[in-house]
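Engineer: One structure, as structure tokens, below. Some questions next.
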There are 2 protein chains.
Amino acid sequence: VNDLLVKIRNGSFRAIARAITQIENSDDAAMAIVSKLYKDGGHAHIIGITGPPGAGKSTLVNELAQLFAANGEMVAIVAVDPSSPFSGGALLGDRVRMLDLSNHPRVFIRSMASRGNLGGLASATAAVVHVFDAAHFDSILVETVGAGQAEVDIANNAHSTLVIEAPGMGDDVQSIKAGILEIADILVVNKADRRGAMRTAKSLEMMVDMGQAIGFGHHMPLALRKEMGETLASQTWRTPVLQTVANKGEGIKELYDVIGSHRRYLESSGEWRAREENRSRREMERLLQERFFASFQDVVPEAVRTDLVKAVVRRELDPYGAVNHLFERYKR
Amino acid sequence: VNDLLVKIRNGSFRAIARAITQIENSDDAAMAIVSKLYKDGGHAHIIGITGPPGAGKSTLVNELAQLFAANGEMVAIVAVDPSSPFSGGALLGDRVRMLDLSNHPRVFIRSMASRGNLGGLASATAAVVHVFDAAHFDSILVETVGAGQAEVDIANNAHSTLVIEAPGMGDDVQSIKAGILEIADILVVNKADRRGAMRTAKSLEMMVDMGQAIGFGHHMPLALRKEMGETLASQTWRTPVLQTVANKGEGIKELYDVIGSHRRYLESSGEWRAREENRSRREMERLLQERFFASFQDVVPEAVRTDLVKAVVRRELDPYGAVNHLFERYKR
């Protein structure tokens, strides 16, 4: 392991790939690797990219990564697929973009799929981000097909969150999800050469204005910021709406510049540190939950758990009563 | 409370509404109510409805509920909005369909939004379903805007899961999420009077065929069924693809009939019971997790947790080490 850690710190792609495979296969390996490497990290800009299927996220991430690399940065792409928690989500296989970037010396690409539960995927993704951070990558692009919880996990793990839409996908208020306003630092209308792009961009601008009026100016809503005991920074960030045509490379340079501006905003406003705290807190909650379940499974035999499930199905016991029983048994 | 329970068993809408409000506001109330009412349930057909924003789910659920009611059934609609875990997701407010059904004596409508975490929402939704079940509702339609974990939660809570798409939303393989194959019992292309409906339906049919070839014939994948110690039922269910135009009432009768067929299939194949087991198991896991966190917060002071988060942010400690420390402190 120590040899592997030295190689990761030196940025060996092969060592990083081995570490990621170990993290995916075992929580113990994740703990062994991260607990040793964690102190080497803390420098990378973690950028979350999410949006509905078909918005062209992969192509956009591809183009962005090439631009980062062309500017001399080390960049990692982690493509997370939470859509198929049962089968492992491998139906689509690896991505077309691999062809462009697979041999680039400053770009590392990895896709990760859920292996049974979303919580486990989130923890594994966080561990992989720590590895890239310790290996001195400058930017880590975490892409997910998303809606609902997956999007929120991305936002909680990232310094900057990009939400990608396409024309016609979200023109009426009903189909633009309210939640994206709360997680997006930068909104992108990709495929902007298609009909309706301007209308989609205008709808999004309107929603940003509405959102600011009701207090979303910052990434985190007021309630959460208060919970964290923070005062509002004097600087604010108005979520910009950009247009891109990723498959022709249009608008990518502008997006790249805005991402840089957002990083500078985070650092100068104190928001970077607030997000680091939020990220660490969420990661610890997830790990604590996993720790409890592992401990619970050690203490309470599978047969006891299964018998209680069957009693609940037969309506001899209600779910709350059954859980009281299980928890008492765990604690004694 | 006892008075309330009697009234719920007698199907009083006002009592049900009060119980739901109490469940939303407090986990203790949820426990008090469900532990008393749970034994009265077990008869309702729980139908999950999910799909992307803009597919017309609300209109479809509306039409379905009217048909159930016209056939003499008591029907409940629970519209779950997990999209906005920060603000409570009230941006869109209550739904247009309320106007049609709000005074119908056999239809009860309730929308629920996330109050901070998806797990809490799932537990509250399950508790509300138990209330409707105990109040002798025949069908409970649980609708969610979904993708990812929200969809899976729906599938794990329902006997029958409908996935609603619209033309052009999922024509290329990349944009149809692999996960829907694994949760859909019935696929619906709504807005089927729009251009491209046939193509979308054909794409979905092809995916169902592919899915069957790789072993998805049943709702639950083989691995999960094996885990539950089940042999495959001799009967199988091939996920049908239906077309509807909900806002004109077209195709609703056919969908209603297919939902009935699916219920009969579940009962005759033994799958009904398997799903009840799965549902109870998931509900108990969620409640156990909530029980642990409540207990943890009692035992480990907030100040200790916050100090550790700050130490992790300063990289004096790694997240795994911090969690070990917290868990040891909890256990001692």
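The values are calculated or read from the model by the stated rules, or taken from the named source; none is laboratory data. These numbers come from a predicted model, not from an experiment. FYI the Cβ positions are ideal-geometry reconstructions off the backbone, even for glycines, and counts take in every protein chain you see. Please note that ligands, DNA and RNA were not included when accessible areas were found on the heavy atoms of the full protein model with its side chains. Shrake-Rupley method; radii C 1.70, N 1.55, O 1.52, S 1.80 Å.
Engineer: Select from segment A:57-96 the residues that are open to solvent by 30 Å² or more (accessible area, probe 1.4 Å) and at pLDDT 85 or above and list them in ascending order.
Structural biologist: A:T59, A:E63, A:Q66, A:L67, A:A70, A:N71, A:G72, A:E73, A:M74
Engineer: Which condition number does A:R18 fail, the rest of (1) within 10 Å of another protein chain (Cβ to nearest Cβ); (2) surrounded by fewer than 24 Cβ atoms within 10 Å (Cβ to Cβ) being met?
Structural biologist: Going through the list (1) within 10 Å of another protein chain (Cβ to nearest Cβ); (2) surrounded by fewer than 24 Cβ atoms within 10 Å (Cβ to Cβ), A:R18 breaks only (1).
Engineer: Would you call B:R315 under 33 Å from the mean Cα position of the chain (by Cα) and either open to solvent by 20 Å² or more (accessible area, probe 1.4 Å) or not β-branched (V, I, T) (or both)?
Structural biologist: It is false that B:R315 is under 33 Å from the mean Cα position of the chain (by Cα) and either open to solvent by 20 Å² or more (accessible area, probe 1.4 Å) or not β-branched (V, I, T) (or both).
Engineer: Does B:S35 satisfy the condition of being hydroxyl-bearing (S, T, Y), more than 18 Å from the chain's Cα centre (by Cα) and under 21 Å from B:D138 (Cα atoms)?
Structural biologist: Details: hydroxyl-bearing (S, T, Y): yes; more than 18 Å from the chain's Cα centre (by Cα): yes; under 21 Å from B:D138 (Cα atoms): yes.
So B:S35 fits the description; yes.
Engineer: Scan segment B:18-70 residue by residue and report those that are small (G, A, S) and assigned to a helix (DSSP H, G or I).
Structural biologist: Within segment B:18-70, B:A19, B:A29, B:A30, B:A32, B:S35, B:S58, B:A65, B:A69, B:A70 meet the criteria.
Engineer: Now for a separate question. What are the residues in segment B:290-329 that are assigned to a loop (DSSP other than H, G, I, E, B) and within 22 Å of A:A30 (Cβ to Cβ), if any?
Structural biologist: Hits for segment B:290-329 are B:R314, B:R315, B:E316, B:L317, B:D318.
Engineer: Still on this structure: Look through segment A:129-145, keep the residues that are surrounded by 24 or more Cβ atoms within 10 Å (Cβ to Cβ) and assigned to a helix (DSSP H, G or I), and return whichever of them is farthest from the chain's Cα centre (by Cα).
Structural biologist: Across segment A:129-145, the extreme among qualifying residues is A:A134.
Engineer: For segment B:206-249, how many residues meet the condition of being surrounded by fewer than 16 Cβ atoms within 10 Å (Cβ to Cβ), at pLDDT 65 or above and more than 14 Å from chain A (Cβ to nearest Cβ)?
Structural biologist: 4
Engineer: Still on this structure: Hey, can you tell me all the residues within segment B:29-56 that are open to solvent by 10 Å² or more (accessible area, probe 1.4 Å) and modelled with pLDDT under 90?
Structural biologist: Scanning segment B:29-56 gives B:P52, B:P53, B:G54, B:G56.
Engineer: Then there's this: Quick one: in segment B:280-297, of everything that is open to solvent by 20 Å² or more (accessible area, probe 1.4 Å) and closer than 20 Å to B:I183 by Cα, which residue is nearest to the other protein chains (Cβ to nearest Cβ)?
Structural biologist: B:R281
Engineer: Confirm whether B:R273 is within 9 Å of another protein chain (Cβ to nearest Cβ), at positive phi and either surrounded by fewer than 19 Cβ atoms within 10 Å (Cβ to Cβ) or not in a helix (DSSP H, G or I) (or both).
Structural biologist: No; evaluated as a whole, the condition is false for this residue.
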